Amino acid sequence: MNVLEIKNLTKKFSDFIAVDNMSLTVAEGEIFGFLGANGAGKSTTINMIAGLLRSNEGVINILGKNAAKNSRFAKMNIGMVPQDLAIYEDMTAYENVKFFAGLYGLRGQELNERVEEALEFVGLQDKHKSYPNSFSGGMKRRLNIACAIAHRPKLIIMDEPTVGIDPQSRNYILNSVRKLNEMGCTIIYTSHYMEEVEEICSRIAIIDHGKIIAEGTKEQLKSIITNTKDLWIEVKSTEKVNVESIKAINGVEAVQIDENLIKINSDTGVNNLNKIIEHFINSHLEIRSLQEKAPNLETVFLTLTGRNLRDQ
Amino acid sequence: MNILNIAWKGIKTDFRDTRTLFFMLAFPVVLMLVLGSALSNTFGNSLPVDDIHVLYQDTSHSDNFNQFIDAAEKSGIHFQKVTETINPQNEVKQSKYDGYVEVTQQGLQLYVNNGNSIEGSILQGMLTSYVDKYNIASEIMKVAPEKLESAFTHKQKDDFIKETSVLPNKQPGSMDYYAIVITTMIVLYGAMSSSSLIISERVRKTADRLIASPVRKSEIFIGKVLGSLVSNTICVLLVILFSKLFFKANWGNHLGMVILVLLTEIIFAVSMGIGLSFLTKTSAAPRIIIMLFVQLASFFGGAYFKIDNPQGIFKFITELSPLTWVNSAITKMIFANDLSAAIPAVTIHLTGALIFLLVAVISLQKREGL
Ligand SMILES: Nc1ncnc2c1ncn2[C@@H]1O[C@H](COP(=O)(O)OP(=O)(O)OP(=O)(O)O)[C@@H](O)[C@H]1O
Ligand SMILES: [Mg+2]
């Protein structure tokens with residue numbers, strides 16, 4: 001079953017089109033990644049799914065039901081982890097989770113159990129009585145997640161849940177995402193960190209200027225953009241390297257020398273590894289190491305959108 | 001249920017906020033103490049009460065009043081029969097006597113000098129107990145020097161008769177006075193915290209979480225308002241209790257009614273805060289507006305010093321302050337047992353609240369999110 005279906009979704013902020021005729025389907029059990037630069041429209045899309053923003057056009061179906069017409073049903077089944085921390089500084093970790101879970105109709109013993117469960121899930125079981133102002137950035141992020149999962153939603157939407165935190169907390173969060181997924185939750189995951197998306201997402205949509213410009217598994221995405229691969233050969237000395245003769249090898253598109261590293265860009269369709277190594281041996285170049293560099297999502301993104309994922 | 005959930009959360013966090021607690025509890029108590037004791041001299045209830053001279057004329061052919069005169073004499077109130085040669089009203093007008101009592105078979109009329117003199121009040125009180133005892137119809141005339149004639153020709157009966165209930169020991173002392181005006185002032189300051197009810201959720205982004213939950217916007221709004229009303233009410237009750245127990249402030253015999261009037265003021269203040277927060281763009285603007293408004297309203301409403309008989313344009317300005325109305329209402333309820341005095345204040349509060357709430361509800365409906 002499809003947990004989420006988006007059809008021709010459009011959102012305008014006065015004249016500015018933030019989300020442009022977007023269509024998308026997320027099936028049950030997926031970890032679906034939203035990849036996009038600042039201002040691409042990720043949060044706007046997510047906020048419409050969660051019912052925070054009204055769309056100008058289009059339909060959103062949650063678990064097969066129109067979300068606008070069945071807003072209560074849709075909201076009951078969604079857990080939203082907002083991009084900005086949304087927790088009360090003047091309430092303890094426990095009270096925060098309990099308050100929000102209580103809004104989903106949980107009461108009494110069941111409510112307390114679910115709150116415990118959620119806090120334990122994010123590793124804050126020892127921090128029940130602590131106030132968020134005593135938390136590190138990572139702990140706050142984890143509390144932000146706990147507040148969204150205590151009511152056991154079918155669809156969890158995470159808008160950059162790992163922004164600005166230590167590697168340990170980040171690993172914790174990524175593991176939690178996997179665990180939630182194993183427990184049967186479908187997850188929409190937004191991030192600036194390519195490695196994260198590459199690591200945990202089963203399917204990815206690249207969003208730019210409010211549109212999905214590519215969608216699929218990471219392998220599918222990589223194959224769209226490139227038919228070349230990089231071969232990095234480290235040699236003892238680059239004195240005897242003849243760039244022109246390497247370029248003459250069938251399939252080689254470009255050669256670049258970077259200190260002791262020779263970077264050879266070559267057509268994936270041509271199997272020329274033997275010929276290249278042969279050339280090195282014949283030229284008496286002593287090979288120290290050899291690496292084949294497949295394109296990563298970062299290059300995919302750069303090629304498709306013409307800009308870096310992060311403003312730097 | 002969600003409404004109560006949200007209200008309860010608001011109450012809980014309100015009472016954790018030391019700033020709110022200081023402002024709503026410690027601040028008024030200290031202010032009462034300082035103003036109430038520093039300015040106690042300006043309140044006249046410590047005047048010596050001997051030497052009250054009263055003229056009277058008794059045509060009732062009963063001995064009751066003579067007995068009263070004998071009893072009053074012991075408390076230092078000297079009665080003197082009117083003689084042919086003097087005009088009793090003139091004597092009172094010129095303050096040669098503190099009052100003139102006319103006892104007839106129909107009842108009793110008291111003339112006192114205008115201006116709420118303490119002697120006049122004591123006289124009224126004594127006579128009231130006498131009148132109550134014998135169930136005699138009574139009237140009190142306040143003799144305004146310049147209005148002597150008209151006071152006699154058009155008998156504004158209702159107004160005068162009401163005054164019979166003013167008892168001498170029920171003049172507000174300075175602590176009584178400041179207990180009232182500081183309480184009503186602090187209630188109005190409650191608008192400060194309610195102005196950030198919704199804004200703070202937006203700033204902390206928890207508004208998004210609230211909207212993402214299956215709770216209607218109206219429930220969130222009602223819950224927040226309800227929580228704020230309860231918090232403010234608790235604070236006011238604590239302030240009243242404290243002033244009663246430790247400052248011996250007089251809150252009268254109709255405390256329930258007084259609290260009801262204060263409750264309408266709380267509703268007004270909370271609604272004003274919320275309404276203003278929807279009318280302005282920044283979160284600082286409503287606080288500044290409320291601060292200015294409450295300061296002015298307090299100044300002209302008599303929160304810092306008593307304003308006696310304002311005249312002309314000044315009177316008009318004092319009447320613009322909602323505190324003038326509620327202070328006068330509560331004073332009359334406590335010291336004159338006049339419950340109907342609450343009507344103008346309650347009307348002002350509820351009308352104002354309605355307007356501000358409408359503003360808030362309409363803007364809330366238009367907004368995406370909270
Ligand atoms: N309330 C709003 N009013 C006007 N413009 C808005 C509003 N919210 C978002 N935008 C604009 O819409 C565009 C998309 O914003 P959005 O927050 O969806 O981007 P994003 O992909 O989540 O970016 P980021 O990675 O920075 O979070 C941006 O250009 C933003 O300026
Ligand atoms: Mg975003």
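The values are calculated or read from the model by the stated rules, or taken from the named source; none is laboratory data. Small disclaimer: the values here were computed from a predicted structure and weren't measured. Cβ: placed from backbone, ideal geometry, glycine included. Neighbour counts: every protein chain shown. Note: areas computed on protein heavy atoms with side chains; ligands, DNA, RNA excluded. Shrake-Rupley method; radii C 1.70, N 1.55, O 1.52, S 1.80 Å.
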Review point. Going by the conditions given, is B:Leu237 open to solvent by 50 Å² or more (accessible area, probe 1.4 Å) and modelled with pLDDT of 95 or more?
Key: yes
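For (1) open to solvent by 60 Å² or more (accessible area, probe 1.4 Å); (2) more than 30 Å from A:Phe13 (Cβ to Cβ), each residue gets a yes or a no:
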position: B:Gly273; (1), (2): no, no
position: B:Ile289; (1), (2): yes, no
position: B:Phe299; (1), (2): yes, yes
position: B:Ile355; (1), (2): yes, yes
Practice item. Tell me which of these A:Phe73 doesn't satisfy, since it passes every other one: (1) of a type outside the set (Ser, Thr, Tyr); (2) touching a Ser or Thr at 6+ places or on another chain (Cβ under 8 Å); (3) within 14 Å of another protein chain (Cβ to nearest Cβ). Key: (2)
**Study point:** Criterion: of a type in the set (Gly, Ala, Ser) and over 29 Å from A:Ile213 (Cα atoms) - qualifying residue of A:Gly29, A:Gly102, A:Gly64
**Key:** A:Gly102
Check your understanding: Within segment A:83-97, is there a residue that is within 13 Å of another protein chain (Cβ to nearest Cβ), over 23 Å from B:Arg202 (Cα atoms) and not charged (D, E, K, R)?
Key -> no
Point to revise | Filter result (within 16 Å of ligand 1 (Cβ to nearest atom) and more than 12 Å from chain B (Cβ to nearest Cβ)) within segment A:138-161 | key: A:Arg141, A:Met158, A:Glu160, A:Pro161
Exercise for review: Evaluate segment B:332-342: report whether one residue or more is surrounded by 15 or more Cβ atoms within 10 Å (Cβ to Cβ), under 28 Å from B:Ala360 (Cα atoms) and in contact with a Phe, Trp or Tyr (Cβ under 8 Å, 6 or more places away or on another chain).
Suggested key: no
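Any idea which residue in segment A:38-56 is farthest from the other protein chains (Cβ to nearest Cβ), counting only those that are within 10 Å of ligand 2 (Cβ to nearest atom) and on the phi > 0 side of the Ramachandran plot?
Ranking the qualifying residues of segment A:38-56, first place goes to A:Gly39.
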Revision key, fill the gap. Given the conditions (1) within 16 Å of ligand 2 (Cβ to nearest atom); (2) out of contact with any Pro (no Cβ under 9 Å at 6 or more places or on another chain), every one holds for A:Arg141 apart from (2)
Point to revise | The one condition in (1) surrounded by fewer than 24 Cβ atoms within 10 Å (Cβ to Cβ); (2) in contact with a Leu (Cβ under 8 Å, 6 or more places away or on another chain); (3) farther than 30 Å from B:Trp8 by Cβ that A:Leu103 fails to fulfil | key: (3)
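Look through A:Leu35, A:Leu85, A:Leu4 and report the one residue that is surrounded by 21 or more Cβ atoms within 10 Å (Cβ to Cβ), within 16 Å of ligand 2 (Cβ to nearest atom) and touching a residue at least 12 places away in the same chain (Cβ under 8 Å).
Exactly one residue qualifies, and that residue is A:Leu35.
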Exercise for review: With the checklist (1) at pLDDT 70 or above; (2) open to solvent by 30 Å² or more (accessible area, probe 1.4 Å); (3) β-branched (Val, Ile, Thr) in hand, flag the one item B:Ile122 doesn't pass.
Suggested key: (2)
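For segment A:14-32, how many residues meet the condition of being within 14 Å of ligand 2 (Cβ to nearest atom) and either surrounded by fewer than 16 Cβ atoms within 10 Å (Cβ to Cβ) or of a type outside the set (Val, Ile, Thr) (or both)?
So in segment A:14-32, the residues within 14 Å of ligand 2 (Cβ to nearest atom) come out as A:18-19.
Those still in the list that are either surrounded by fewer than 16 Cβ atoms within 10 Å (Cβ to Cβ) or of a type outside the set (Val, Ile, Thr) (or both) too: A:18.
Result for segment A:14-32: 1.
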Check your understanding: Does A:Thr186 satisfy the criteria of being within 16 Å of ligand 2 (Cβ to nearest atom), crowded, with 21+ Cβ neighbours inside 10 Å, in contact (Cβ under 8 Å) with a residue 12 or more places away in the chain and of a type in the set (S, T, N, Q)?
Key -> no
Exercise for review: Output yes when any residue across segment A:215-238 is without any contact (Cβ under 8 Å) to a residue 60 or more places away in the chain, crowded, with 18+ Cβ neighbours inside 10 Å, more than 30 Å from A:Gly123 (Cα to Cα) and aliphatic (A, V, I, L, M), and no when none is.
Suggested key: yes
Exercise for review: Under 6 Å between Cβ atoms, at least 6 apart or on separate chains: pull out the pairs that start in segment B:202-216 with a residue that is within 7 Å of chain A (Cβ to nearest Cβ) and end on any residue that is open to solvent by 50 Å² or more (accessible area, probe 1.4 Å).
Suggested key: B:Lys205/A:Asp84; B:Pro214/A:Arg72; B:Pro214/A:Met76
Check your understanding: Out of the residues in segment A:145-168 that are crowded, with 21+ Cβ neighbours inside 10 Å and of a type in the set (Gly, Ala, Ser), which is nearest to ligand 2 (Cβ to nearest atom)?
Key -> A:Ala148
Review point. Identify, please: which residue in segment A:88-100 is in contact with a Leu (Cβ under 8 Å, 6 or more places away or on another chain) and of a type outside the set (Gly, Ala, Ser) and is, among those, surrounded by the most Cβ atoms within 10 Å (Cβ to Cβ)?
Key: A:Val97
